[in-house]
Amino acid sequence: MEFQSCFDIIGPIMVGPSSSHTAGVVSIGKFIYELLGDYPQETNIVFYDSFAETYQGHGTDKALIGGLLGMDTDDSRIKYALEKAKECGMQYQFEFENDCEYIDHPNTTIVTAKRGDRVVKVGGVSLGGGLSKIFLIDDEMVAIRLSAGDDFSILASPYQPKGKALVKAI
Amino acid sequence: MMEIQSMKELIEACHREKKSIGEIMLMMEAEKSGKDEGTIISMMEERLIKMKEAVDSGIKDASTAPSGISGGDAVKMSEYVHQGKSLSGDYISNAMSFSLATSESNARMGVIVATPTAGAAGILPGVLFSLHKNDGTPYHELVKGLFTASMLGLVIANRSFISGAAGGCQAEVGSATAMAAGTIVELKGGTPQQVVNATAIAMKSLLGLVCDPVGGLVEVPCIKRNVIGTSIAFSAADMSLAGVKSRIPCDEVIEAMYKVGKDMPRTLRETALGGLAMTETGKEVKERLFCRKS
């Protein structure tokens with residue numbers, strides 16, 4: 001059962017307009033932020049299926065970048081996340097694909113993010129209602145459930161990259 | 001630890017524990033999270049407050065959304081209702097205004113509470129604050145109602161889906177409307193069986209509804225579907241409280257919703273490649289928006 005808590009249904013408290021295409025994506029970005037211990041200096045983001053078709057209308061790009069910058073789902077600065085990324089000197093690139101080879105879900109993204117000598121490749125799906133799941137970290141299939149109220153630093157800590165060993169992942 | 005996987009199990013649990021659906025949710029949440037009930041209730045209160053703030057700011061905000069395709073209708077609707085012109089009666093009319101206010105705030109990237117999603121965030125606050133306004137249902141009762149709604153939503157979400165991208169609008173506005181219908185019944189003193197009946201009746205009424213947002217935005221037709229969702233919720237609740245039953249049990253309705261969603265083509269699941277999104281006007285809006293952005 002993916003949905004466990006009453007707050008998976010009533011919540012998150014979030015900036016609009018979409019729980020799956022905005023809030024759930026902020027959480028995926030925030031998880032990666034915690035994984036790297038800071039925002040990435042370089043990132044490549046692939047949006048699949050519904051994300052690829054409708055990201056502009058839902059601010060999915062702003063949501064993911066906002067999360068990568070460490071913002072939470074109810075952070076009113078998400079609107080300006082792309083400008084914030086430029087201020088921080090974050091280099092980002094978006095790609096768009098129909099289907100993901102790892103998972104069959106319309107709201108899928110794969111993010112490769114680099115900070116210093118640490119690189120991570122993370123796959124996430126937004127399940128709806130603001131709930132997300134990380135299904136891939138560095139070519140290893142995982143199942144980490146993300147709910148906006150959780151402490152992502154605890155969830156991310158077992159998977160933190162150990163420096164140069166993972167550079168091949170990019 | 002108690003696990004509820006169906007409406008049937010939920011009704012059985014209510015009888016066994018002699019609790020309402022909302023009380024079962026609270027008990028399960030305390031068991032699973034390890035938090036005490038007081039803390040959980042405070043967290044839910046915080047969500048009700050955010051919902052109220054979204055209604056209060058949206059109802060007097062006549063500005064348009066950044067897209068230019070929504071905004072200002074909550075003000076129009078509430079003025080009309082205030083003049084006593086509404087045909088729908090006070091409960092539904094107020095719910096319509098509050099629902100518009102919330103969904104318009106959402107489109108402006110304002111702060112809202114997903115119930116269960118942002119695209120369907122207008123329905124529950126619409127009916128809850130209408131109950132408060134029209135029969136004085138106190139706020140602490142509305143908080144209880146949010147536990148009822150979340151229990152119903154959990155069963156739906158785990159057996160089917162709640163997002164338009166996964167299962168069409170029937171999964172999104174459909175689920176929220178079904179949750180709202182059941183919640184009204186519980187707040188008005190209905191039995192767990194009546195709550196579940198109302199949930200089924202509401203969901204059946206929206207079965208097959210596609211997700212076809214113009215330009216991919218959560219605005220057209222999403223905002224008005226939230227508004228209509230509040231009227232369906234009240235109608236379904238009234239039927240159930242009158243003793244009308246759903247001929248198809250709620251669990252089977254949810255299963256049907258799942259199967260219909262699985263059969264729905266990708267073009268009608270939030271990709272903005274079908275339905276209203278691909279009408280002449282829908283396409284014009286999309287072109288205008290994406291030209292302006294680039």
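The values are calculated or read from the model by the stated rules, or taken from the named source; none is laboratory data. A quick note: this is a predicted structure, and the numbers were derived from the prediction, not measured. Backbone-built Cβ (ideal geometry, glycine too); neighbour counts: all protein chains shown. These accessible areas exclude ligands, DNA and RNA; they are computed on the full protein's heavy atoms, side chains included. Shrake-Rupley method; radii C 1.70, N 1.55, O 1.52, S 1.80 Å.
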Problem - Within chain B, helix-based [θ] at 222 nm, where runs of 4 or more DSSP H residues each add -39,500 (n - 2.57), nearest 500 - result: -21500 deg cm²/dmol
Practice task
Using a cut-off of 11 Å between beta-carbons, work out the net charge of the residues near B:Glu252 (Lys and Arg +1, Asp and Glu -1, B:Glu252 not included).
Solution key: +3
Practice task
At 0.36 nm per residue, minus the direct Cα-Cα distance, what do B:Lys18 and B:Ile49 gain on full extension? Give it in nm, one decimal, please.
Solution key: 8.2 nm
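When you look at the Cβ of every residue in B:26-38, what mean number of other chain Cβ atoms sits within 10 Å?
1
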Practice task
Note the per residue figure in Å³ for the convex hull of the C-alpha positions in chain B.
Solution key: 130 Å³
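Suppose a student asked you for the relative contact order of the stretch B:157-261, using Cα pairs under 8 Å spaced at least 6 residues apart; what percent would you report? Walk me through the numbers before you get to the answer.
Values: 160 pairs, mean separation 41.1, N = 105.
In percent, rounded to a whole number, it is 39.
What's the average, rounded to a whole number, of partner chain beta-carbon atoms within 10 Å of each residue's beta-carbon in A:68-79? Spell out each step's value before the answer.
Numbers: counts 0, 0, 0, 0, 0, 3, 4, 1, 3, 0, 1, 4.
Per residue, the number of nearby Cβ atoms from other chains is 1 on average.
Using the membrane-span-like helix rule (whole DSSP H runs, Cα extent along the own axis of at least 24 Å, mean Kyte-Doolittle hydropathy at least -1.0), which helices of chain B qualify? It would help to have the intermediate numbers written out before the result.
On the way: long enough: B:37-58 (31 Å, -0.18); B:90-107 (26 Å, -0.09); B:139-159 (30 Å, 0.68); B:169-187 (26 Å, 0.87); B:222-241 (28 Å, 0.76).
Span-like helices, by this rule, are B:37-58, B:90-107, B:139-159, B:169-187, B:222-241.
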Completion exercise
With the stretch B:165-234 reduced to its Cα atoms and the Debye formula applied, log10 I(q)/I(0) at q = 0.17, 0.22 1/Å amounts to -0.57, -0.84
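Below 8 Å between Cα atoms, with a sequence gap of 6+, how large is the relative contact order for the stretch A:15-169 in percent?
Values: 340 pairs, mean separation 47.2, N = 155.
About 30 percent, as a whole number.
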Completion exercise
Taking every other residue with Cβ under 14 Å from the Cβ of B:Asp61 and scoring Lys and Arg +1, Asp and Glu -1, one gets -2
Exercise for the section: Determine the dipole magnitude for the protein assembly as shown: charges of +1 sit on the beta-carbon of Lys and Arg, -1 on that of Asp and Glu, nothing else is charged, the reference point is the Cα centre, and the result goes in debye to the nearest 20. Expected result: 520 debye
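Test of the criteria: in the stretch B:161-269, which trypsin sites (Lys or Arg not before Pro) are in a DSSP loop and have at most 12 other Cβ atoms within 10 angstrom of their Cβ? Write out the running numbers ahead of the final one.
On the way: sites: B:Lys188, B:Lys204, B:Lys224, B:Arg225, B:Lys245, B:Arg247, B:Lys259, B:Lys262, B:Arg266, B:Arg269; in loops: B:Lys188, B:Lys245, B:Arg247.
Taking the stretch B:161-269 and a limit of 12 other Cβ atoms within 10 Å, the loop trypsin sites (Lys or Arg not before Pro) found are B:Arg247.
Given the Cα-Cα distance of A:Met1 and A:Arg77 and 0.36 nm per residue of separation, how much length would full extension add, in nm?
Values: separation 76, 0.36 × 76 = 27.36 nm, distance 3.28 nm.
Between A:Met1 and A:Arg77, full extension yields 24.1 nm more.
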Exercise for the section: Can you quote the Å³ per residue value for the convex hull of the Cα atoms in the stretch B:111-166, rounded to an integer? Expected result: 80 Å³
Handout entry: For the stretch A:100-157, the spread of Cα positions along each principal axis, largest first, Å
Key = 35, 29, 15
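Please give me the summed charge of the neighbours of B:Asp135: other residues whose Cβ is under 12 Å from its Cβ, Lys and Arg +1, Asp and Glu -1. Don't skip to the end; give the middle numbers.
Values: positive: B:Lys133, B:Lys188; negative: B:Asp90, B:Glu141.
Result for the neighbourhood of B:Asp135: 0.
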Completion exercise
Expressed in square angstrom to the nearest 10, the accessible area of B:Ser67 with a 1.4 Å probe stands at 10 Å²
Problem - Tail fraction, Cα-Cα pairs, the protein assembly as shown, threshold 31 Å, whole percent - result: 38 percent
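Between rounded, prolate and oblate, where does chain A land on the alpha carbon gyration tensor, with a ≥ b ≥ c its root eigenvalues, rounded for a/c under 1.5, else prolate if a/b exceeds b/c? It would help to have the intermediate numbers written out before the result.
Details: a/c = 1.31, a/b = 1.20, b/c = 1.10.
In terms of gyration-tensor shape, rounded.
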Exercise for the section: Name the lysines eligible as straight-distance cross-link partners of B:Lys52: C-alpha to C-alpha under 24 Å, and not fewer than 8 places from it in the same chain. Expected result: A:Lys79, B:Lys60, B:Lys76, B:Lys133, B:Lys144, B:Lys188, B:Lys224
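B:Leu207 to B:Lys85: FRET efficiency via 1/(1 + (r/R0)^6), r the Cβ-Cβ distance, R0 25 Å, to the nearest 0.05?
Values: r = 32 Å, r/R0 = 1.30.
Here the calculated transfer efficiency is 0.15.
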